[in-house]
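Below is one structure; the comments refer to it alone.
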Amino acid sequence: MPPHAARLISTLIRARRATSVLEIGTSNGCSAIWFADALRDTGGRLTTVDIDAERVTAALANLERAGAREYADVRHGDGAEILADTPDAPVDLVVLDAERPAYVAYWPHLRRVLKPYGILAVDNAVSHRNQVAAFRELPASAAEFAVDLHEVGDGVLTGVRVR
Ligand SMILES: C[S@@+](CC[C@H](N)C(=O)[O-])C[C@H]1O[C@@H](n2cnc3c(N)ncnc32)[C@H](O)[C@@H]1O
């Protein structure tokens with residue numbers, strides 16, 4: 001995720017005073033460092049998950065090097081399974097930056113795990129518009145979500161759970 005997109009989401013974390021953030025798609029931990037830094041300010045914690053074990057190892061090393069390791073749990077696994085195992089409404093903000101065609105199947109859990117006024121943030125909403133199009137319709141047509149598209153970085157779609 002380009003730095004400007006990670007910084008926008010970091011601002012949302014701070015503005016909401018989010019303490020529980022879930023990122024699906026850690027890669028080498030670059031965006032996780034931004035989010036963990038914001039969570040240091042709010043007293044919160046990031047859970048970030050990647051399906052690739054080598055990337056998890058790299059992310060742990062990079063978070064350690066950045067001094068942000070204690071604000072993040074880096075998990076190896078399938079984001080879909082971790083979402084399905086998450087109870088109702090403990091999460092302030094979910095970031096999707098993984099396998100875009102799978103997001104539609106994430107939707108029932110995304111709307112379930114977010115707290116009221118929790119935020120969904122989806123990267124690549126402009127750069128991979130076609131891959132995100134079907135998913136975008138779901139929060140856009142759900143009465144409890146206010147959706148917006150931010151033309152920053154590769155495009156960040158946000159949905160705030162307003163009810
Ligand atoms: C674009 S990269 C993430 C970049 C990262 N958020 C950043 O900005 O530094 C996408 C990552 O999603 C991971 N991924 C793909 N499918 C996944 C799944 N089902 N569950 C968790 N991670 C997945 C890939 O292994 C890859 O590392």
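No lab work stands behind these numbers, since they all come straight from the coordinates. In this text the structure is predicted, and so the values were computed from the model without any measurement. Note that each Cβ is placed from the backbone with ideal geometry, even for glycine, and that neighbours are counted across all protein chains shown.
Here are the numbers for the structure shown:
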quantity: Residue in segment 55-71 that is near the ligand (Cβ under 8 Å from one of its atoms) and surrounded by fewer than 23 Cβ atoms within 10 Å (Cβ to Cβ) present; calculated: yes
quantity: Restricting segment 97-107 to residues that are more than 9 Å from the ligand (Cβ to nearest atom) and aliphatic (A, V, I, L, M), the residue that is farthest from Pro3 (Cα to Cα); calculated: Ala105
quantity: Scan of segment 56-74 for residues that are farther than 8 Å from Ala32 by Cβ and small (Gly, Ala, Ser), ordered by number; calculated: Ala58, Ala61, Ala66, Gly67
quantity: Residue match in segment 7-20 (condition: out of contact with any helix residue (DSSP H, G or I) (no Cβ under 6 Å at 6 or more places or on another chain) and at positive phi); calculated: no
quantity: Within segment 129-163, tally of residues that are in a loop (DSSP other than H, G, I, E, B) and of a type in the set (A, V, I, L, M, F, W, C); calculated: 4
quantity: Unique residue being among the polar types (S, T, N, Q), within 8 Å of the ligand (Cβ to nearest atom) and within 15 Å of the chain's Cα centre (by Cα) when the list is Thr11, Thr47, Thr86, Thr26; calculated: Thr26
quantity: Residue in segment 116-137 that is among the acidic types (Asp, Glu) and within 24 Å of Arg16 (Cβ to Cβ) present; calculated: yes
quantity: Residue in segment 129-146 that is in contact with a strand residue (DSSP E or B) (Cβ under 9 Å, 6 or more places away or on another chain), under 15 Å from Leu12 (Cα atoms) and away from the ligand (no atom under 16 Å from the Cβ) present; calculated: yes
quantity: Members of segment 112-128 that are among the hydroxyl-bearing types (Ser, Thr, Tyr) and part of a loop (DSSP other than H, G, I, E, B); calculated: Ser127
quantity: Filtered residues of segment 40-51 (kept if buried (at least 24 other Cβ atoms within 10 Å of the Cβ) and not acidic (Asp, Glu)); calculated: Leu46, Thr48
quantity: Selection status of Ala80, more than 15 Å from the chain's Cα centre (by Cα), touching a residue at least 24 places away in the same chain (Cβ under 8 Å) and either more than 9 Å from the ligand (Cβ to nearest atom) or at negative phi (or both); calculated: no
quantity: Residue satisfying condition, being touching a Ser or Thr at 6+ places or on another chain (Cβ under 8 Å), of a type in the set (D, E, K, R) and more than 12 Å from the ligand (Cβ to nearest atom), within set Arg40, Arg17; calculated: Arg17
quantity: Of all residues in segment 81-91 being in contact with a helix residue (DSSP H, G or I) (Cβ under 6 Å, 6 or more places away or on another chain) and surrounded by 14 or more Cβ atoms within 10 Å (Cβ to Cβ), the one that is farthest from Arg14 (Cα to Cα); calculated: Ala84
